[in-house]
Amino acid sequence: MSCLAAYTWSRNSADYKNEVEYVIGVSQANVREAWRIALNQEIEEEVKKYPNINIITTDATSEPEKQKQDIDKLLEFGIDLLIISPCDTGKLTEKIKDVFQGNIPVIVMDRGIEGFDYSLFIGPDNDMIGRQAGEWVVQLLDGQGGRVLKLCGNSGSIQSQERIKGFDSVVMDYPQIETSTFNMDTELKDKAYDAVLSMKGSLKEIHVIFANCDYVAQGAYEALESMGMEKGIQIVGSDGLNGKDGGVDMVMQGKIAATITCPTGGREAIQYAYSILRQESGVPKQVILRSRTITKGNAAQYLESLEKECFDKGETITVGYSQVGQESQWRLANTHSIQEAAREFNVDLLFDDADQSQDKQIAAIRRFIEEKVDVIVVSPVVETGWDEALMEAKAAGIPVVMSDRKAETDEKDLITTYIGADFLEEGRRAMRWIRDNIPSGGKVLNILELKGNQGASPTLERRKGFVEVLQECPGYQIAYSEYGDFTYDGGKRIVEGYLERGGWDVDIIFAHNDDMALGAVEALEDYGIVPGEDVKIISVDGTSDVFRAIIAGKINCTVECNPLLGPPLMKAIRDMVAGKEMPVRIITEEKVYDQSQAEEVINQRAY
Ligand code: GZL
């Protein structure tokens, strides 16, 4: 059941709360814009399936200060979980952090906030939406080039900026496409109408208008129509809402050439909220929703897909899983989690261990295709070189999921979903910990970097994130860096080699994973250097072995990288086979641990 706050406050809150097991507060930025109305409708529709949940919705009328008051009222009411679509990310971050740290689960929707002080983020990839719009505009201009007007409503908002940035990142590769921008401070249709009308004289050179939301696209169309110019200029919108005058409707009426969908996530928010309230395993940290390009050619089919009932018949699903190898404790825990979850989710798992060989992984993919599995999952040992094999899987009609590590492909739509960690953030967290806990004392401290295997996404991105923060910290430098392939022996070998060359001048070791850090510890001790004291050691993964080393004072910090991907992966696979729209990325929950809390948490560690 759901209601707007005004109605609820007037009732005896005890009754409303005691009627059900859970009350969820939904703090809306506003309930005026079409996209937000759609979000509300989706939440209310989904919550009908949960008789033990009531929701209370508040409307901040786009005012950050009012949204903070709304949150306080919801907390006073005694909600069990907060779903919030923030008016303004910067101004709500601290408030959301207070709620989360006050042990009320928080699901942030649509607009991301700084940091990770929330239970779950569900939203679109607005940069991707912009890129998809840019790709369609390039197609519309058919390589002939032309002039594009970017009509940007609410130009100060983060999602407008991300959409325009994504759009520009595509069209900038086509010098024959010239763009101009008209910024408006709101996304209102009438503002767009007046703006386009005011450009009458200069519209003759314009071939396409890109509107960063369908409301603006509608205003632009109506202005062009009033000047008899609607046939000469094509419009590409964003949001792709269905319903009358929504983006999909405008495409079907021929008013706009395309719209890029921006799913609201309302359904997923209630589904995950229920899992969080029941403390179920497998709830990720971020769910990034997929956007689709809707044109006259696929609009009807898209609308039909929305009506399709997704029902998991519980039948056995056959999954071919190509695993990197057995190089680390993390990998062993990851394999165990995948195999356990396969049994739990009624998945027949064909498991192949590639011993860190891409050739073996590609051979395994081809074997899975021959065996006509339902889904192929790959943990790619390196980021590139997958196009040919994945195109064969696509031709065979077998969806491919990337688990744990990412793959880059030239061809589009070869990968259905990525489920794993935010390696960039892991690298940033490692260097932030160094900055905050190892004062450089006016010197420049030397860092020895033990890297994973060359070309692997965790290797590339952990380094990139680490360096991003390092560049702001003049008291530190990477003095030496070498690939250790994520193995214990790799870490040991690099440190021994450095020691044997003489002149040990390293203050800090940053290891891309725990196994290499532990190998480094052995090498240091063999040379009479005290690890954790003479040399501070920071690693990534958070395995039990490293927790024991932290408690023994030999390692100083580990940045968690969750290997327990089995439950969210198998749940996503069952959803996909049942016909549900798959998120484009599912990112796992991760923390940072050091000597101040290692002893307290080691017994809770699952790997
Ligand atoms: C990270 C994973 C990395 C671990 C290593 O998701 O791919 O590979 O950090 C593992 O321990 O070998």
>> Please give the Cα centre distance for segment 260-315 versus segment 333-375, rounded to the nearest Å.
In response: 25
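Go through 52-58, 311-317, 168-174 and give me the packing order, highest mean Cβ count within 10 Å leading. Write down the numbers at each step before the final one.
Values: 52-58: 21.3, 311-317: 11.6, 168-174: 15.3.
For the peptides 52-58, 311-317, 168-174, the packing ranking is 52-58, 168-174, 311-317.
Which order do the peptides 432-440, 544-552 come out in when sorted by mean C-beta neighbours inside 10 angstrom, highest first?
544-552, 432-440
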>> For a Förster distance of 51 Å, can you work out the FRET efficiency between the beta-carbons of residue 91 and residue 529, rounded to the nearest 0.05?
In response: 0.55
> For residue 601 and residue 363 in one chain, what is 0.36 nm times their gap in residues minus the Cα-Cα distance, to one decimal in nm?
Replying inline: 81.6 nm
> Once label points are set 7 Å from the Cα along Cα→Cβ at both residue 355 and residue 412, what is their separation, rounded to one decimal in nm?
Replying inline: 4.0
> Carbon and sulfur atoms: what percent of the 1.4 Å accessible area of the chain do they account for?
Replying inline: 47
> So for segment 508-553, what are the equivalent ellipsoid semi-axes in whole Å, largest first, each being the square root of 5 times an eigenvalue of the Cα gyration tensor?
Replying inline: 16, 11, 9
> Considering segment 423-561, what Rg and Dmax in Å follow from its alpha-carbon atoms?
Replying inline: 13.3, 35
> With all pairs of different alpha carbon atoms counted, what Kirkwood hydrodynamic radius in Å does segment 243-379 show?
Replying inline: 18.6
>> Just to confirm a number: summing +1 for Lys and Arg and -1 for Asp and Glu over residues other than residue 238 whose beta-carbon lies under 9 angstrom from that of residue 238, what do you get?
In response: -1
>> How far apart, in nanometres, would the label points at residue 172 and residue 344 be if each is projected 7 angstrom from Cα along the Cα-to-Cβ direction?
In response: 4.4
> Over all distinct alpha-carbon pairs, what is the Kirkwood Rh of segment 351-436 in angstrom?
Replying inline: 14.0
> Can you list, largest first and rounded to whole Å, the semi-axes you get for segment 26-108 by taking the square root of 5 times each eigenvalue of its Cα gyration tensor?
Replying inline: 19, 17, 10
>> Full-extension gain between residue 300 and residue 501, please, as 0.36 nm times their residue separation minus the C-alpha to C-alpha distance.
In response: 65.5 nm
> What's the extension gain from residue 384 to residue 37 if we count 0.36 nm per residue and subtract their Cα-Cα distance?
Replying inline: 120.8 nm
> Cα centroid distance between segment 176-228 and segment 501-555, in Å?
Replying inline: 59
> Hey, any idea what the orientation-averaged projected area of the convex hull of the chain's Cα atoms comes to, in nm²?
Replying inline: 29.7
> Based solely on its DSSP helices, what 222 nm [θ] is calculated for the chain when runs of n ≥ 4 H residues each add -39,500 (n - 2.57) and the sum is averaged over all residues, nearest 500 deg cm²/dmol?
Replying inline: -12500 deg cm²/dmol
> Once the Cβ-Cβ distance between residue 316 and residue 544 is put in as r, and R0 is 30 Å, what FRET efficiency do you end up with, to the nearest 0.05?
Replying inline: 0.35
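Where only protein heavy atoms count, and the probe is 1.4 Å, what is the accessible area per residue for the chain in Å²?
Averaged over the residues of the chain, the accessible area is 42 Å².
The values are calculated or read from the model by the stated rules, or taken from the named source; none is laboratory data. Not measured: the values here are computed from a predicted model. Here Cβ is always computed from backbone atoms with ideal geometry, including for glycine, and neighbour counts include all displayed protein chains. Ligands, DNA and RNA are excluded from the accessible area calculation, which covers all protein heavy atoms including side chains. Shrake-Rupley method; radii C 1.70, N 1.55, O 1.52, S 1.80 Å.
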